[in-house]
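Visitor: Have a look at this one.
The values are calculated or read from the model by the stated rules, or taken from the named source; none is laboratory data. Every value quoted in this text rests on a predicted model; they were computed, and no experiment measured them. Using ideal geometry, Cβ is built from the backbone for each residue, glycine included, and neighbour counts are taken over all protein chains shown.
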Amino acid sequence: MDNLALIESFGDFKDEKGISKIDLMAIIEDSLKTLLRKRYDSDDHFDVIVNPDKGDFQIFLNKTIVEDEMSEDDDLEIEISEAKKIDPTFEVGEEYTQEIPVAQLGRRNILTLKQILATKLQEHNNAMLYEQFKDRIGELAIGEVHHIRHKHVILLDDEGNEYILPKENQIPSDFFRKGDNVRAVIETVDFKGSKPQIIVSRTAPKFLEKLLELEIPEIQDGTIILKKVVRIPGEKAKIAVDAYDDRIDPVGACVGVKGSRIHGVVRELRNENIDVIQWSKNSEILVKRALGNVTINKVEINEDENYALVYTPVEEISKVIGKQGQNIRLASWLSGFEIDVYREKQADDDVELTEFDDEIEAWIIAEFKKVGLETAKSVLDKDTEALVNMTDLEEETIEEVKRILKAEFED
């Protein structure tokens, strides 16, 4: 196999992977030097010249001229009598340069060279892939479902690049079939062994940000600013937006008429409920807005401890907390304050006993409810002895319950 044929044997790989001829020649030079080091322990006595214009290369061996019968290494030295047959002007100590045809390396070494070339070409492709994607973290990617496995889904884009979508990065209600087109955001790009692994996510807040940019031109062009995005994937999300121009309503622009602009995003997120609020530099206003459409009478902010105490009527408590605590948790993430709630009551207000399940054990509440006592005042209106006779509770337990209930009605 001559030099050109050896290069051409990698032509398909070069065309498929988009490797330029110059890059290919550099890889060939490096591969040849690697082979020479394997064959001769060093490439110090060799010169490798690669000509990308001709698609050819040459290997030159520089031998040292020594006295006759003084050669210790026929590969690296030549006796003076042999050198003078080539050029009578040669002297001992000079260098004689000899071109080495690839065929002279032997069949086994040529096969080794091809393996080295294939390995280095793959390393080059992996390095190029890493360089291409390391700066794309946070960008939206679209891929077709290629394989569905227990712990992840493998996606392929139009260029054949592979994305890994782990189970934990999928929205809980996500369901994929082979051939589906899936959108996700590039989360990390790291080497796993010698190959770059591109991890994508559909649960990251950045995914929601990128979907909003696609659907709302004002976000894409910077007219509206996404200040913060928080979400519980597949359940609920809150986004805070602002505008440079006071004449623009950022919330209305994001939601659209009858929710038309945000509907596509909600559908992509498997009907994840999205609250859009206007950002405020005022911490109290921001906390109120983050909690949504609920009655908040007062907000006390502790900036040093990032703590906010909100005062709200008893009947609003469930709205403030939300399903499984989602509303107050997202509001805390969005505002940056740990939010706690204080139940506000009027003098004639009463409170369901179930509102105290964080302080009174459920079985005790159940004992009161068995005898028709379902509110705080219905318990407080009866003396302890009567309650002992009505229920199976000990006097000490009843007194402790009364203490907790009375505290709710004290200033």
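Visitor: Looking at Phe337, Phe409, Phe368, Phe356, which one is hydrophobic (A, V, I, L, M, F, W, C) and under 28 Å from Val230 (Cα atoms)? Quick ask: steps written out before the conclusion?
Guide: On the way: Phe409 fails: under 28 Å from Val230 (Cα atoms); Phe368 fails: under 28 Å from Val230 (Cα atoms); Phe356 fails: under 28 Å from Val230 (Cα atoms).
Matching residue, one of Phe337, Phe409, Phe368, Phe356: Phe337.
Visitor: Give Glu367, Glu385, Glu361 a once-over and let me know the one that is touching a Ser or Thr at 6+ places or on another chain (Cβ under 8 Å) and outside the structural domain of Ile277 (by TED's automatic domain parsing).
Guide: Of Glu367, Glu385, Glu361, the one residue that is touching a Ser or Thr at 6+ places or on another chain (Cβ under 8 Å) and outside the structural domain of Ile277 (by TED's automatic domain parsing) is Glu367.
Visitor: Let me spell it out: the conditions are (1) of a type in the set (D, E, K, R); (2) under 15 Å from Ile199 (Cα atoms); (3) assigned by TED's automatic domain parsing to the domain that holds Leu32, and Glu123 meets all of them except one. Which number is the exception?
Guide: (2)
Visitor: Kindly indicate whether Leu129 is of a type in the set (A, V, I, L, M, F, W, C), surrounded by 12 or more Cβ atoms within 10 Å (Cβ to Cβ), over 30 Å from Ile78 (Cβ atoms) and touching a Pro at 6+ places or on another chain (Cβ under 6 Å). Show your work before the answer.
Guide: Values: of a type in the set (A, V, I, L, M, F, W, C): yes; surrounded by 12 or more Cβ atoms within 10 Å (Cβ to Cβ): yes; over 30 Å from Ile78 (Cβ atoms): yes; touching a Pro at 6+ places or on another chain (Cβ under 6 Å): yes.
Taking the combined requirement at face value, the residue satisfies it.
Visitor: Of Thr97, Thr112, which residue is β-branched (Val, Ile, Thr), in contact with a strand residue (DSSP E or B) (Cβ under 7 Å, 6 or more places away or on another chain) and modelled with pLDDT under 90?
Guide: On the way: Thr112 fails: in contact with a strand residue (DSSP E or B) (Cβ under 7 Å, 6 or more places away or on another chain).
Result: Thr97 is the single residue among Thr97, Thr112 that is β-branched (Val, Ile, Thr), in contact with a strand residue (DSSP E or B) (Cβ under 7 Å, 6 or more places away or on another chain) and modelled with pLDDT under 90.
Visitor: Hey, Ile239 hits all of (1) under 27 Å from Ile328 (Cα atoms); (2) in contact with a helix residue (DSSP H, G or I) (Cβ under 6 Å, 6 or more places away or on another chain); (3) assigned to a strand (DSSP E or B) but one; which does it fall short on?
Guide: (2)
Visitor: Mind counting the residues in segment 43-63 that are modelled with pLDDT under 75 and closer than 23 Å to Ile78 by Cα?
Guide: Residues flagged as modelled with pLDDT under 75 and closer than 23 Å to Ile78 by Cα within segment 43-63 amount to 0.
Visitor: Within segment 189-212, can you find the residues that are charged (D, E, K, R) and part of a strand (DSSP E or B)?
Guide: Hits for segment 189-212 are Asp190, Lys192, Lys195.
Visitor: Among the candidates Gly143, Gly138, which residue alone is in contact (Cβ under 8 Å) with a residue 60 or more places away in the chain and surrounded by 13 or more Cβ atoms within 10 Å (Cβ to Cβ)? Spell out how you get there, then give the answer.
Guide: Values: Gly143 fails: in contact (Cβ under 8 Å) with a residue 60 or more places away in the chain.
That would be Gly138, the only listed residue that is in contact (Cβ under 8 Å) with a residue 60 or more places away in the chain and surrounded by 13 or more Cβ atoms within 10 Å (Cβ to Cβ).
Visitor: What number of residues in segment 213-227 are buried (at least 19 other Cβ atoms within 10 Å of the Cβ) and either at pLDDT 95 or above or assigned to a strand (DSSP E or B) (or both)?
Guide: 2
Visitor: Give me the residue from segment 302-344 that is among the aromatic types (Phe, Trp, Tyr) and touching an Asp or Glu at 6+ places or on another chain (Cβ under 6 Å) and, out of that set, modelled with the lowest pLDDT. Even if it seems obvious, please write down each step before you answer.
Guide: So in segment 302-344, the residues among the aromatic types (Phe, Trp, Tyr) come out as 307, 311, 333, 337, 342.
Filter again for touching an Asp or Glu at 6+ places or on another chain (Cβ under 6 Å), leaving 307, 311.
Numbers: Tyr307: 94, Tyr311: 91.
Once the filter is applied, the top-ranked residue is Tyr311.
Visitor: Scan segment 172-188 and tell me whether some residue there is under 18 Å from the mean Cα position of the chain (by Cα), hydroxyl-bearing (Ser, Thr, Tyr) and in a helix (DSSP H, G or I).
Guide: Applying the first criterion (under 18 Å from the mean Cα position of the chain (by Cα)) to segment 172-188 yields 172, 174, 182-188.
Still in the running and hydroxyl-bearing (Ser, Thr, Tyr): 188.
Now drop any that are not in a helix (DSSP H, G or I), which leaves none.
Within segment 172-188, none of the residues are under 18 Å from the mean Cα position of the chain (by Cα), hydroxyl-bearing (Ser, Thr, Tyr) and in a helix (DSSP H, G or I).
Visitor: Of the numbered conditions (1) part of a helix (DSSP H, G or I); (2) modelled with pLDDT of 75 or more; (3) among the polar types (S, T, N, Q); (4) farther than 30 Å from Gly160 by Cα, Ser31 satisfies every one except a single condition; which is it?
Guide: Failing condition for Ser31: (4).
Visitor: Wholly within segment 37-103, which strands (runs of 3 or more DSSP E) include no fewer than the required count, namely at least 3 residues that are closer than 30 Å to Ala26 by Cα and of a type in the set (Gly, Ala, Ser)?
Guide: Working: elements: 46-51, 56-66, 77-79, 95-99.
Correct list: empty, since no element meets the threshold.
Visitor: Select the strands (runs of 3 or more DSSP E) contained entirely in segment 294-411, then report the ones holding at least 2 residues which are surrounded by fewer than 17 Cβ atoms within 10 Å (Cβ to Cβ), of a type in the set (Asp, Glu) and touching a strand residue (DSSP E or B) at 6+ places or on another chain (Cβ under 7 Å). Let's see the steps before the verdict.
Guide: Numbers: elements: 298-302, 307-313, 338-344.
Correct list: 338-344.
Visitor: When the residues of segment 276-293 are narrowed to those that are under 27 Å from the mean Cα position of the chain (by Cα) and either farther than 18 Å from Phe337 by Cα or aliphatic (A, V, I, L, M) (or both), which ends up surrounded by the most Cβ atoms within 10 Å (Cβ to Cβ)?
Guide: Among residues in segment 276-293 that are under 27 Å from the mean Cα position of the chain (by Cα) and either farther than 18 Å from Phe337 by Cα or aliphatic (A, V, I, L, M) (or both), the one surrounded by the most Cβ atoms within 10 Å (Cβ to Cβ) is Ala290.
Visitor: Regarding Ala243, is this residue assigned by TED's automatic domain parsing to the domain that holds Lys323 and in contact with a Pro (Cβ under 6 Å, 6 or more places away or on another chain)?
Guide: Working: assigned by TED's automatic domain parsing to the domain that holds Lys323: yes; in contact with a Pro (Cβ under 6 Å, 6 or more places away or on another chain): yes.
Here the answer is yes, as Ala243 does meet what is asked.
Visitor: Given the residues Glu144, Glu131, which is the only one that is within 28 Å of Thr203 (Cβ to Cβ) and assigned to a strand (DSSP E or B)? Before the answer, list the steps.
Guide: Numbers: Glu131 fails: assigned to a strand (DSSP E or B).
After ruling out the rest, the residue left standing is Glu144.
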